[in-house]
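Heads up, the thing below is written out as structure tokens.
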Amino acid sequence: MILEPPASVQKLQTALQAKAKEAPDYRFYLLYDKLYRKDVLEYAYRCCKANGGAPGVDGQDFADIEAYGEERWLGELAGRLRGKTYRAEAVRRVWIPKPDGRKRPLGVPCVADRTVMTAAVVVLSPIFEVDIVWVRRAKHTGRSIAPRLDGYAGGYARSIRCAIRARPGSRTNICTARWVSLSSPRYAHDFPRTKA
């Protein structure tokens with residue numbers, strides 16, 4: 001679930017996006033400190049809480065965090081991030097039954113890990129969105145992004161096309177999104193372009 005970010009988080013996202021648009025060759029080096037900002041972590045936690053979900057390997061759920069104190073818990077998480085002592089926990093593996101009788105694996109991260117991952121998305125998405133506008137535009141208009149990939153060299157374009165054709169929700173779609181976002185000029189200046 002996507003919640004409306006508070007004004008301070010919107011201001012941060014707007015500033016990052018404006019810088020990414022203004023200077024396409026700019027490299028963002030110092031973004032880690034944005035992860036443990038109080039407003040970013042609180043917003044990320046609220047998004048995770050709105051999504052619900054089962055506890056991870058540590059067994060901690062949102063009710064436990066409320067009983068412990070959300071402010072205190074977020075403060076400790078921010079302290080671990082600030083001190084660079086934060087380490088992600090192992091992911092709890094559960095098996096979900098499928099309609100045909102088989103089971104598929106599902107990884108359930110801890111609440112802290114989900115919060116940090118969401119905070120990373122909050123900070124990084126305005127930058128990546130500038131570079132992959134054509135992907136979003138194609139998605140919303142129902143057009144294929146495959147023709148846009150013709151400008152990339154041989155094997156990369158072929159592998160990305162195979163991934164695009166994969167069924168929705170498959171793991172290859174996630175890889176596709178990563179490759180496409182990394183294929184923008186800001187991140188892939190080493191990839192040669194060929195004539196379309």
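The values are calculated or read from the model by the stated rules, or taken from the named source; none is laboratory data. Values in this document were obtained by computation on a predicted structure and should not be read as measured data. Using ideal geometry, Cβ is built from the backbone for each residue, glycine included, and neighbour counts are taken over all protein chains shown.
Taken over region 49-101, the criterion of being loosely packed, with under 11 Cβ neighbours inside 10 Å and of a type in the set (D, E, K, R) is satisfied by GLU71, ARG72, LYS84, ARG87, ARG93, LYS98, ASP100.
Would you say VAL94 is of a type in the set (Val, Ile, Thr) and either part of a strand (DSSP E or B) or at pLDDT 95 or above (or both)? Yes; evaluated as a whole, the condition is true for this residue.
Looking at region 127-134, is at least one residue in contact with a helix residue (DSSP H, G or I) (Cβ under 7 Å, 6 or more places away or on another chain), at pLDDT 95 or above, assigned by TED's automatic domain parsing to the domain that holds TYR36 and surrounded by 14 or more Cβ atoms within 10 Å (Cβ to Cβ)? Within region 127-134 (the criterion being in contact with a helix residue (DSSP H, G or I) (Cβ under 7 Å, 6 or more places away or on another chain), at pLDDT 95 or above, assigned by TED's automatic domain parsing to the domain that holds TYR36 and surrounded by 14 or more Cβ atoms within 10 Å (Cβ to Cβ)), the answer is no, since none of the residues qualifies.
Applying the criterion of being modelled with pLDDT of 90 or more and part of a loop (DSSP other than H, G, I, E, B) to the residues of region 5-48, the residue that is surrounded by the most Cβ atoms within 10 Å (Cβ to Cβ) is TYR36.
Taking the listed residues GLY79, GLY56, the one that is closer than 18 Å to ALA120 by Cβ and either in a loop (DSSP other than H, G, I, E, B) or outside the structural domain of VAL121 (by TED's automatic domain parsing) (or both) is GLY56, with no other qualifying.
Take PRO105 and tell me if it is assigned to a strand (DSSP E or B) and not polar (S, T, N, Q). Answer is yes for this residue. Within region 61-72, the set of residues being free of Cβ contacts under 8 Å to residues at least 24 places away in the same chain and assigned to a helix (DSSP H, G or I) comprises ALA63, ASP64, GLU66, ALA67, TYR68, GLU71, ARG72. Picking from residues in region 92-129 that are touching an Asp or Glu at 6+ places or on another chain (Cβ under 8 Å) and not charged (D, E, K, R), the one that is nearest to LYS49 (Cα to Cα) is VAL111.
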